[in-house]
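Chemist: First the structure, then my questions, so here it is.
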Amino acid sequence: MVFLSSGKATTQSTLSVARTRARQGMTRGKWQDHYARRARDEKWLARSVYKLEEIDRRYKLIREGHLLLDLGCYPGSWSQYSSRKIGSRGEVLGIDLKKPDRFSAPNFRFLKADVLDLDPAWLANEIGRRDVVLSDLAPQTSGIHVTDTSRSMGLAKCALELAVAVLKKRGHFLCKVFEGEDIKELRGEMARRFAAVRTLRPAAVRRTSREVYLLGLSLID
C-alpha cells in the first residue's frame with residue numbers, strides 16, 4: 001500500500017510539473033508572439049525594432065537629419081526605424097555580413113563587412129562623422145554561457161572602438177551585450193568616454209534572454 005501511494009504521489013507530482021511547464025511555455029509563447037504579430041501588422045522587419053523604439057522614445061537619440069551607423073544591421077528593422085526618423089536629409093549606413101535584402105530606402109546604404117576586421121580610422125575616413133552609432137551585434141550562440149558571453153563582449157568592445165572613432169562630439173552609442181562579469185569593465189570604459197551611461201532592458205527583450213543594452217550619452221571630446 002505504501003508503494004502504491006508513493007507511486008500515485010509521484011505520478012501526480014510529475015503531472016503537476018508538466019502542466020506548470022506547459023502553462024509557462026504557453027505564456028512565453030503568447031508574450032513573444034505579441035511582438036512578432038505587432039511587428040508583422042505594423043510592417044516592421046523584426047520584433048527587435050521595439051527595443052530601439054522604447055529606448056529612443058525615452059532618450060530621444062534619433063532626430064531628423066541625423067547621420068547613423070547601424071552595426072549588425074541584418075535583418076534591417078533598426079535601419080528601417082532609423083531611416084523613417086531621420087528623413088531625407090539624414091543617412092543610415094548599415095554594416096553586416098549579410099545584406100538586409102527586404103529593406104531599402106533612399107537614405108540607407110549598406111556596407112558588407114565583418115566588424116571585427118574593420119579599422120576604426122579607415123571607417124571614420126570612409127563614412128565621415130556620425131551622430132549616433134547603434135549596435136545590435138550578437139554572436140552565434142553555442143549554449144555555453146561563458147563562451148557566448150565572452151563572444152558578445154568581444155563584439156561590444158569592437159563596436160565601442162568603432163563608435164568612438166566615428167561619432168561626433170556629444171554623439172550617442174547604443175550597444176547590445178550579454179550579461180556577464182565583464183560588463184562592469186565595458187560600462188567603466190564607456191563612462192570614461194561618455195557623459196552618462198545607462199544599462200537598459202527593454203520590454204521586448206525575451207524573458208529568458210541575458211541581453212541588455214548599454215547606452216552612452218554625449219561623447220566627451
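Chemist: Based on other C-beta atoms within 10 Å, arrange R58, R130, R210 from fewest to most.
Modeler: R58, R210, R130
Chemist: Under a Cβ-Cβ cut-off of 11 Å, what is the net charge of the residues other than L215 that fall near it, where Lys and Arg count +1 and Asp and Glu count -1?
Modeler: My count for the surroundings of L215 gives +3.
Chemist: Cβ under 10 Å from L61's Cβ, L61 left aside: what net charge do those residues give with Lys, Arg +1 and Asp, Glu -1?
Modeler: Summing Lys and Arg as +1 and Asp and Glu as -1 gives +3.
Chemist: Could you please report the charge total around D136, scoring K, R as +1 and D, E as -1 over all other residues with beta-carbon less than 9 angstrom from its beta-carbon?
Modeler: With Lys, Arg at +1 and Asp, Glu at -1, the neighbours total +1.
Chemist: Let me ask another. Compute the acute angle (0 to 90°) between the alpha-carbon long axis of helix 183-193 and the principal axis of greatest extent of the alpha-carbon atoms of the chain; round to the nearest 10°.
Modeler: 20 degrees
Chemist: Continuing with this model, one more query. Against the longest alpha carbon principal axis of the chain, how many degrees, from 0 to 90 and to the nearest 10, is the axis of helix 77-86 turned?
Modeler: 40 degrees
Chemist: Give me C175, C158 ranked fewest to most by other Cβ atoms within 10 Å of their Cβ, as a rough exposure proxy.
Modeler: C158, C175
Chemist: I've got another one for you. Pull up the cross-link candidates among the aspartates and glutamates for K169, meaning alpha carbon to alpha carbon under 14 Å and not fewer than 8 places away within one chain.
Modeler: D131, D221
Chemist: Right, something else. Let's see if you can work this out: charge +1 on each Lys and Arg Cβ, -1 on each Asp and Glu Cβ, no other charges. What is the dipole magnitude of the chain about its Cα centre, in debye to the nearest 20?
Modeler: So the dipole magnitude of the chain works out to roughly 1060 debye.
Chemist: Now, a different point. As a check on your grasp of the helix formula, calculate [θ] at 222 nm for the chain: sum -39500 (n - 2.57) over DSSP H runs of n ≥ 4, divide by the residue count, round to the nearest 500.
Modeler: Using -39500 (n - 2.57) per qualifying helix, the result is -15500 deg cm²/dmol.
All of the numbers you see were taken from the coordinates with simple rules; none came from a lab. Small disclaimer: the values here were computed from a predicted structure and weren't measured. Every residue, glycine as well, gets a Cβ built from its backbone with ideal geometry; the counts of neighbours run over all protein chains shown.
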